[in-house]
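Every number in this text was worked out from the coordinates using simple rules, so none of it is lab data. Owing to the predicted nature of the structure, the values given are computational and were not obtained by experimental measurement.
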Amino acid sequence: MSTVLLVEDNANALQAMEALVASQGYLVRTAADGAQAMRIAKEQRPDIVISDWMMPVMDGPALLRAMRANARLADVPVVLTSATAAPPSGLSAVAFLRKPVAASQLLELIGRLIGPTSAARRPGASPPSK
């Protein structure tokens, strides 16, 4: 089962994303900041990280740099999200999503980067709602 690490300091947004991603059959881990996410990623290497840009303690770009500096985590796809920041050049995130992120956009991106889960591939399974 593919593991998705969601990193978001807004508890309501994190809970909504967790429910959405878990509904597609992914194993979901959550963190409220980049430092907590890094601890989780070191314990259980995720298949993808979806991280907010602006957070306390360690922001999304700092988390991305820390993951790229860690040999075990360097190749994990990281997607950054933000309502206000524009993606700068030079960061090695695989994608940048502007908030609010549509559910269909998030699920399509996860599926494209790490593959759909068996639940999402079931015959007769409904595609993610738009």
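Key figures for this structure:
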| read-out | value |
| --- | --- |
| Using alpha-carbon coordinates, inclination of helix 34-43 to the longest axis of the chain, degrees | 70 |
| Helix 60-69 vs. the chain, principal-axis angle (Cα, 0 to 90°, nearest 10) | 80 |
| Relative contact order %, the range 1-99, counting alpha carbon pairs below 8 Å whose residues are six or more apart | 25 |
